[in-house]
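Please read the structure below before turning to the comments.
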Amino acid sequence: MDSTESVSFRVSKDDFSDAVSWVARNLPTKVTQPVLRAMIINADDQGVELSGFDYEVSTRVRIPAEIETPGRIAVAGKLISDIVSSLPNKPIDLRMENSRLHVACGSSKFELPIVPLDDYPQLPHLPEVTGKINPQLFVEAVSQVASAAGRDDTLPMLTGVDITIDGTQMQLTATDRFRLAMRTLEWEPTNPDVSAKFLVPAKTLQDNARSLDTHLNNAVEIAVGSGDSIAAEGLFGLHTDSRETTTRLLEADFPNVTPLLPKSHTAIASVEVGPLQEAIRRVALMTERNAQVQLHFSEGEVVLQASGSDGGNAQESLPCAFAGRDELVIAFNPGYLKEGLAVMHTDRVFFGFTEASRPAIMVPEPEEVPEADEEGTFPTPETHFTYLLMPVRVAG
């Protein structure tokens, strides 16, 4: 896998800058093998392909180019990304000479050392396409769920997003034991009878979603195989336009979270999201290390309160539609509460409570607010997104 003897081509600044920055974002900064910091540049009769791989995540992108001499080389990925982003908006000429890559754009000229490819691993191939999904819908779902995943690598089953596919329905779920996010959505499977369950690293999935151009309506292809081979390769692939990426799946069993989701509630509340976010931000200034913000729900209002260790206190009240047998005082980590509110995507949030010491649910306000049954409990409304939040013990 040695570098080619020579290569030369011309590309547009915008195309090349977008491509190298996308690949460079996924390259590792700390590796035992320095060669993994390299970006592969492959020029052929179809244009230029840029790629990177660190044994966990692979990226490939193809752009048009005027090829003078085809070939394959590698250079330091982050470095060439920084160089290209700083160049003027003019065509860029790249050519290899004396084992160095010469980059010229206008009056700017750079020479980069070539990275030997002898020890570079073989990039994985994209698994067979399993189905496709609208990019805006996919990005929205990932943004709602991925932030609830854990960051503790000693608990790998909590660092991923569990994706369950049942025909045309897909469900994304993540939890870090303190909160849980679940989103269901429709997609277009290649096989309408497809059934699968796999665990994708949350950070990588979030990074992939953020890099998608949601202004384009071209469907995102999800590739994990088909038939009996679904997830058998241990890879989760995404393909859209000229870009594709693969991620190694987590080999861990996601916990059964269904029993955590309450089917009924002893109290419900509806609050306007924007004012609630602002009130939490202000009141939480009194807390230390995001300790807790108390919410006192009663008919017509919710009162937020937080105290500091020095005896300071903050309080703010907001209008609130509340229904329940009794008033309710419950406390949450303000950071987790704000993150949940940030992904509601509706003007108002609906809360469902059972007890002050039990998890509460937050969902986008439904079109019809549920009414109490004969026992005075409220059923959980039908929803495509649920954010479940563990309370913290009320101080004082």
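A few points about this structure:
- Applying the condition of being small (Gly, Ala, Ser) and part of a strand (DSSP E or B) to segment 49-102 and asking which residue is surrounded by the most Cβ atoms within 10 Å (Cβ to Cβ) yields Gly52.
- Extreme residue, nearest to Asp162 (Cα to Cα), among residues of segment 207-220 that are surrounded by fewer than 19 Cβ atoms within 10 Å (Cβ to Cβ) and of a type outside the set (Ser, Thr, Tyr): Asp207
- Any hit, segment 334-342, residues being in the same structural domain as Ser298 (by TED's automatic domain parsing), out of contact with any Phe, Trp or Tyr (no Cβ under 9 Å at 6 or more places or on another chain), without any contact (Cβ under 8 Å) to a residue 60 or more places away in the chain and not in a helix (DSSP H, G or I): no
- Top-ranked residue of segment 126-140 - restricted to ones that are touching a residue at least 60 places away in the same chain (Cβ under 8 Å) and within 16 Å of the chain's Cα centre (by Cα), ranked as surrounded by the fewest Cβ atoms within 10 Å (Cβ to Cβ): Gln136
- Inter-residue pairs, beta-carbon under 8 Å, first outside any loop (DSSP other than H, G, I, E, B) and in segment 28-41, second among the polar types (S, T, N, Q) and at pLDDT 90 or above, 6+ apart: Met39/Ser51; Met39/Ser81; Ile40/Ser51
- Among the residues listed as Gly47, Gly52, Gly77, the single one being free of Cβ contacts under 8 Å to residues at least 24 places away in the same chain, in contact with a strand residue (DSSP E or B) (Cβ under 6 Å, 6 or more places away or on another chain) and of a type outside the set (Ser, Thr, Tyr): Gly47
- A single entry from Thr240, Thr266 fulfils the requirement of being surrounded by 18 or more Cβ atoms within 10 Å (Cβ to Cβ), assigned by TED's automatic domain parsing to the domain that holds Ser317 and among the hydroxyl-bearing types (Ser, Thr, Tyr): Thr266.
- So Asp118, is it in the same structural domain as Ser229 (by TED's automatic domain parsing) and touching a residue at least 60 places away in the same chain (Cβ under 8 Å): no
- Options Ile80, Ile40, Ile73, Ile92; residue that is hydrophobic (A, V, I, L, M, F, W, C) and farther than 22 Å from Leu117 by Cα: Ile92
- Which numbered condition Lys338 fails, given (1) over 33 Å from the mean Cα position of the chain (by Cα); (2) buried (at least 17 other Cβ atoms within 10 Å of the Cβ); (3) of a type outside the set (Val, Ile, Thr): (1)
- Strands (runs of 3 or more DSSP E) (entirely within segment 205-258) containing at least 2 residues that are at negative phi, among the charged types (D, E, K, R) and in contact (Cβ under 8 Å) with a residue 12 or more places away in the chain: 243-248
- Yes/no for Leu112 being modelled with pLDDT of 95 or more and closer than 30 Å to Arg10 by Cβ: yes
- Single match in Ala314, Ala306, Ala284 (criterion: among the aliphatic types (A, V, I, L, M), without any contact (Cβ under 8 Å) to a residue 40 or more places away in the chain and crowded, with 20+ Cβ neighbours inside 10 Å): Ala306
- Between Ile330, Ile361, the distinction of being under 21 Å from Arg282 (Cα atoms) and either of a type in the set (Asp, Glu) or in a strand (DSSP E or B) (or both) belongs to Ile330 only.
- When we screen Ser17, Ser12, Ser107, Ser8 for residues that are touching a residue at least 60 places away in the same chain (Cβ under 8 Å), more than 30 Å from Ala223 (Cβ to Cβ) and small (Gly, Ala, Ser), the only hit is Ser8.
- Selection from segment 280-327 of residues that are part of a strand (DSSP E or B) and more than 20 Å from Val392 (Cα to Cα): Gly300, Glu301, Ser317, Leu318, Pro319, Cys320, Ala321, Phe322, Ala323, Gly324
The values are calculated or read from the model by the stated rules, or taken from the named source; none is laboratory data. Keep in mind that what you see is a predicted model, and the values were worked out from it rather than measured. Please note: Cβ atoms are built from the backbone with ideal geometry, for glycine as well, and neighbour counts cover all protein chains shown.
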